[in-house]
Amino acid sequence: MGVLNSASFDVSDAIDLAQELARAQRALRRERAARDEAETIAEKGLRDLYLAQQRAGLLQRIATVANQSSAVREALDFALVELCEFTESAFGNVYLTASDGESMVPAGIWYSSEPEDLAEFIGFSLNHSFAKGEGLPGRVLADLRPHWLYDLRNATNFPRRDAARATGLNCAFAFPVMVGNRIEAVIEFFARDNRDADPVLLDLTAQIGTQLGRVIERDRFNAKLIFDALHDPLTGLPNRALFMDRVEQALRRCERHPDQGVAVLFIDLDGFKYVNDSVGHYAGDAILCTTADRFREALGTALGDTRASAQWTLARLGGDEFTVVLDDFDDAGLPLRIASALLNAASLPHEVEGTEVVGGASIGIAAATSPATTPMELLRNADTAMYAAKARGRGQAALFDDALRTRALNRLHIENGLRRALQRGEFRLFFQPIVDMESDALVGFEALLRWERQRGEIVSPAEFIEVAEETGLIVAIGEWALNEACLAASRWHRRFPGRSLTMSVNVSPRQFAQPGFANIVRAAIAASGIAPATLALEITESIAIAQPERAIRVMRDLADIGVKISLDDFGTGYSSLGNLHRYPFNTLKLDRSFIVGMSAVDRRKGVGIVQAVLDLANTMDMTVVAEGIETVGQRNRLRDMGCTFAQGYLYSRPVDADSAERLIAATA
């Protein structure tokens with residue numbers, strides 16, 4: 001080994017080596033830094049991916065429950081717990097928007113992992129409402145956006161600051177649950193550590209708020225469907241279905257507590273159809289709404305003044321019919337006092353377009369008398385009592401009693417019999433001749449309905465027509481009568497080809513109101529083969545004025561067919577002269593009461609009225625048929641006054657089809 005010779009050592013080589021080493025170290029540091037950065041990025045990416053997956057999972061769970069939930073509170077409670085655990089919040093709470101939209105009220109939906117330690121703050125939160133702009137919920141309500149509070153100890157406009165400081169809460173955020181542009185709820189969260197606002201979390205809560213808003217919207221839609229199905233769309237009162245359910249519940253409570261009473265009040269507004277005809281249906285609807293409000297107020301006042309703990313439901317069955325069920329009362333006189341209060345409310349005048357319309361009502365009262373009483377029976381009894389009250393005059397109330405019970409049973413017996421009568425062929429047509437007063441020649445017949453029960457008993461129309469009309473059975477009965485009358489006319493025309501006899505048939509309000517009534521008449525004419533002009537349909541004035549525009553349209557359809565139209569019972573209806581010119585009547589039937597009036601004490605007035613009617617008919621190119629002619633004097637007087645046609649006992653009582661045919665043959 002030789003001695004190191006300094007002369008042979010090159011300093012530049014050493015410098016190069018040092019520089020190379022430094023470059024290698026820098027490269028190593030850069031590589032380590034890059035590797036560390038890559039690991040950090042990878043770790044952050046994994047962390048972000050994990051958080052994204054967690055957020056997606058949270059949103060999916062809440063959305064699933066929201067879509068499947070049948071209750072808003074259930075969805076809010078689930079979302080609150082999930083968010084509390086996801087954000088590691090110490091306390092979460094829900095506020096709902098008050099009905100006026102100006103404040104937030106506690107919903108009673110909250111969650112805390114440590115409720116004992118936060119008892120003071122939780123108690124404050126669950127018992128305090130916030131006006132718009134006040135505190136965290138109020139600020140969300142005012143601004144329609146989420147809010148984040150980093151430091152509660154120094155937060156302004158935060159009424160719970162002292163309670164937060166005492167319980168160690170330092171950070172909070174809240175977000176809205178919205179339906180459209182309206183905040184329906186605010187959900188707030190509180191944590192012990194200070195946290196910077198997290199835009200990603202706020203975006204997530206916005207999506208959750210949307211999902212929960214859909215739950216509220218769906219719940220309201222379903223509630224509206226149920227409400228609409230059970231309430232009257234005009235007044236908002238319970239309808240028949242809900243009312244009958246309330247009556248059934250009341251009767252069940254009465255079974256458990258027999259000492260407590262149940263009563264139903266049936267209210268019918270007096271003369272309301274004339275209100276519609278005179279001031280219009282829009283004004284009539286307004287009166288119905290006002291009446292509903294007055295009834296509701298009267299019930300609240302009357303029952304508020306009594307010590308009875310009575311429960312009540314006011315309903316509108318339809319048209320101008322209202323009902324009330326009272327239950328859980330022990331004062332037998334209460335229903336009558338309530339009826340009196342309702343009558344007073346109904347009698348208050350209404351202001352309609354500058355015109356004062358005076359109201360009124362008739363009320364029937366029926367009480368449950370046995371545990372076996374059914375809701376339908378109770379309502380039917382009250383309805384029967386209402387008709388009894390109406391028969392006494394306006395503004396009356398009547399109690400259902402034994403006499404009315406007998407009448408109701410008889411009515412039920414008639415109704416049941418009517419339902420079987422068509423099937424059994426128990427209806428008959430009788431025919432009363434119509435004659436030319438100048439020559440006493442037979443010119444036609446009026447077909448009159450009779451009911452012959454199987455045992456040969458003839459039931460007067462006065463006993464069953466009203467029941468048939470109320471139940472709707474008159475539609476089928478009337479169509480049968482129309483077809484039978486047309487067939488009878490067809491037989492007589494074939495047998496007596498030289499006689500152009502007319503056939504008059506009465507039309508009930510229910511028949512006339514049928515859709516396509518003109519087509520039904522056309523079919524009867526076609527089936528019988530008679531000429532349309534042979535048929536004269538008799539329509540009462542009440543039918544014509546019930547729905548004037550529709551009545552005119554239907555009557556014109558009938559006129560187009562060629563059918564004649566008679567105004568029956570002229571002068572016994574409402575606003576006769578004022579409306580007569582609007583309708584295409586061919587014949588006016590002078591009611592029997594006018595004929596009797598010509599023989600009354602004040603004979604001059606009676607004769608003057610009849611002459612005025614005859615002059616009116618002549619002016620309008622209408623023929624007149626006088627009804628109820630019983631004496632030669634009546635015939636002669638009317639003939640001298642210019643009346644053309646008549647019918648009555650002077651000429652013939654109503655006869656069956658065979659007798660009518662013999663009468664035609666005898667006058668040939």
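The values are calculated or read from the model by the stated rules, or taken from the named source; none is laboratory data. Model, not experiment: these values are computed from the prediction. Here the Cβ is made from the backbone with ideal geometry for all residues, glycine too, and neighbour counts use every protein chain on show. Only protein heavy atoms, including side chains, enter the accessible area calculation; ligands, DNA and RNA are left aside. Shrake-Rupley method; radii C 1.70, N 1.55, O 1.52, S 1.80 Å.
Out of segment 413-427, which residues are in contact with a helix residue (DSSP H, G or I) (Cβ under 9 Å, 6 or more places away or on another chain) and open to solvent by less than 90 Å² (accessible area, probe 1.4 Å)? Across segment 413-427, the qualifying residues are ILE414, GLU415, GLY417, LEU418, ALA421, LEU422, GLU426, PHE427.
Consider segment 350-368 and keep the residues that are in contact with a helix residue (DSSP H, G or I) (Cβ under 9 Å, 6 or more places away or on another chain) and surrounded by fewer than 16 Cβ atoms within 10 Å (Cβ to Cβ). The one that is farthest from GLY271 (Cα to Cα) is GLU353. Hey, any hits in segment 268-279 for a residue that's within 20 Å of the chain's Cα centre (by Cα), closer than 30 Å to ALA332 by Cα and not basic (Lys, Arg)? Yes: one or more hits. Between LEU169, LEU201, LEU251, LEU212, the distinction of being aliphatic (A, V, I, L, M) and closer than 30 Å to THR291 by Cα belongs to LEU251 only.
Pick out the one residue from ALA166, ALA174, ALA131 that is at pLDDT 95 or above and open to solvent by 10 Å² or more (accessible area, probe 1.4 Å). Explain how you work it out, then say what you get.
Working: ALA166 fails: at pLDDT 95 or above; ALA174 fails: open to solvent by 10 Å² or more (accessible area, probe 1.4 Å).
After ruling out the rest, the residue left standing is ALA131.
Please give the strands (runs of 3 or more DSSP E) falling wholly within segment 326-425 in which 2 or more residues are in contact (Cβ under 8 Å) with a residue 24 or more places away in the chain and more than 27 Å from the chain's Cα centre (by Cα). Write out each step before concluding.
Values: elements: 350-352, 355-357, 361-367, 397-399.
Result: 397-399.
The C-beta contact set for segment 588-613 (first residue hydroxyl-bearing (Ser, Thr, Tyr), second residue modelled with pLDDT of 85 or more and open to solvent by less than 60 Å² (accessible area, probe 1.4 Å), distance under 8 angstrom, 6+ apart or interchain) comprises SER599/GLY633; SER599/GLN634. Residues that are without any contact (Cβ under 8 Å) to a residue 40 or more places away in the chain, aliphatic (A, V, I, L, M) and over 28 Å from ASP591 (Cα atoms): does segment 507-523 have at least one? Yes, some residue in segment 507-523 is without any contact (Cβ under 8 Å) to a residue 40 or more places away in the chain, aliphatic (A, V, I, L, M) and over 28 Å from ASP591 (Cα atoms).
Filtered by the rule that a residue be at pLDDT 90 or above and either open to solvent by less than 20 Å² (accessible area, probe 1.4 Å) or within 19 Å of ASP270 (Cα to Cα) (or both), segment 390-410 gives GLN396, ALA397, ALA398, LEU399. Taking the criterion of being closer than 23 Å to SER103 by Cα, charged (D, E, K, R) and either without any contact (Cβ under 8 Å) to a residue 12 or more places away in the chain or in contact with a Leu (Cβ under 7 Å, 6 or more places away or on another chain) (or both), would at least one residue in segment 193-210 satisfy it? No.
Residues in segment 237-252 that are surrounded by 14 or more Cβ atoms within 10 Å (Cβ to Cβ) and either out of contact with any helix residue (DSSP H, G or I) (no Cβ under 7 Å at 6 or more places or on another chain) or under 30 Å from PHE173 (Cα atoms) (or both): ARG240, PHE243, ASP245, ARG246, GLN249, ALA250. For ALA339, indicate whether it is open to solvent by less than 20 Å² (accessible area, probe 1.4 Å), touching an Asp or Glu at 6+ places or on another chain (Cβ under 9 Å) and at pLDDT 90 or above. So ALA339 fails the test.
Matching residues to (1) of a type in the set (D, E, K, R); (2) open to solvent by 40 Å² or more (accessible area, probe 1.4 Å):
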residue: MET503; (1), (2): no, no
residue: PRO509; (1), (2): no, yes
residue: PHE517; (1), (2): no, no
residue: ILE530; (1), (2): no, no
residue: GLU538; (1), (2): yes, no
residue: GLU541; (1), (2): yes, no
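For ALA665, the conditions (1) in contact (Cβ under 8 Å) with a residue 24 or more places away in the chain; (2) surrounded by 13 or more Cβ atoms within 10 Å (Cβ to Cβ) are fulfilled apart from (2). Filtered by the rule that a residue be farther than 16 Å from ALA172 by Cα, open to solvent by 20 Å² or more (accessible area, probe 1.4 Å) and either among the charged types (D, E, K, R) or out of contact with any strand residue (DSSP E or B) (no Cβ under 6 Å at 6 or more places or on another chain) (or both), segment 78-104 gives PHE78, GLU82, SER99, ASP100, GLU102.
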